[in-house]
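Notes for the one structure printed next.
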Amino acid sequence: MNRSTLLVLLCLPCAATIAVAGQANDFETMSRTGFVGLANDANNAFGNKDYAQAFAKFQRLACAGDKPSQAMLGKMYLNGQGTARDDLQGYVWLKVASEFDFPPYRTIVKKIEAVLTPEQLKVTSAQADELRQRYGLRATNMSCNQSSSSSFGSNLKDAVVCTPQKEGMDFAVRRCADADAAAPPNTAAAK
């Protein structure tokens, strides 16, 4: 084995460590209580019509890969709740949520696709692919399952529950990219 080949082989583990470390910076550690509390806070803020706060919390959860939060973020864009109304951005987030095969997510995506022009579909598909690469199941290490929203043991699977990958006793939660986190909700449209 020549000297340059040996040098390359010795450096490969270093390069792998650097790549993993870069990916680790995209995640933060969050307790189970903190993650569930964030979801509860988002839902409570929405229920109290504090759309700006709800939007920010759902956005944080959507970046973590939480499919119900991605769907809610999409709906908030479609309705202009907590942000300026943006039908295409709403569709994009709903498309990312529909990565998890849940019939209500797929149904709304198909309804929106039926009214999009070919140009809009082309642009939004590229945007959805980009968001899915950042906040999809594979990128976030999120695990989702269909469940029953009823506590009475119903067999009707009408909800999605997502759980981040564990890191010790806590969760490893994907952070929002700078551009996604830096866009504050439009406060004029928040009411």
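Taking the conditions exactly as written (in contact with a Gly (Cβ under 6 Å, 6 or more places away or on another chain) and modelled with pLDDT of 95 or more), does MET76 satisfy them or not?
yes
Taking LYS57 as the residue in question, decide whether it is crowded, with 17+ Cβ neighbours inside 10 Å and either part of a helix (DSSP H, G or I) or aromatic (Phe, Trp, Tyr) (or both). Walk me through it before giving the result.
Details: crowded, with 17+ Cβ neighbours inside 10 Å: yes; either part of a helix (DSSP H, G or I) or aromatic (Phe, Trp, Tyr) (or both): yes.
Considered against the rule, which asks whether it is crowded, with 17+ Cβ neighbours inside 10 Å and either part of a helix (DSSP H, G or I) or aromatic (Phe, Trp, Tyr) (or both), LYS57 comes out as yes.
For residues that are under 16 Å from the mean Cα position of the chain (by Cα) and part of a loop (DSSP other than H, G, I, E, B), tally how many sit in region 94-143.
Residues meeting the conditions: 8.
Run down ALA84, ALA97, ALA62 and say which single residue is aliphatic (A, V, I, L, M), closer than 19 Å to SER31 by Cα and out of contact with any Gly (no Cβ under 6 Å at 6 or more places or on another chain).
Going through ALA84, ALA97, ALA62 in turn, the sole match is ALA62.
Which pairs do you get when a residue that is touching a residue at least 24 places away in the same chain (Cβ under 8 Å) and surrounded by 11 or more Cβ atoms within 10 Å (Cβ to Cβ), found in region 104-119, comes within reach of a residue that is in a helix (DSSP H, G or I) and small (Gly, Ala, Ser), reach meaning Cβ atoms under 7 angstrom, with the pair 6+ apart or on two chains?
Cβ pairs passing all conditions: TYR105/ALA71; TYR105/ALA97.
The values are calculated or read from the model by the stated rules, or taken from the named source; none is laboratory data. Everything quoted here is computed from the prediction, not taken from an experiment. Heads up, the Cβs are rebuilt from the backbone with ideal geometry, glycines too, and the neighbour counts pull from every protein chain shown.
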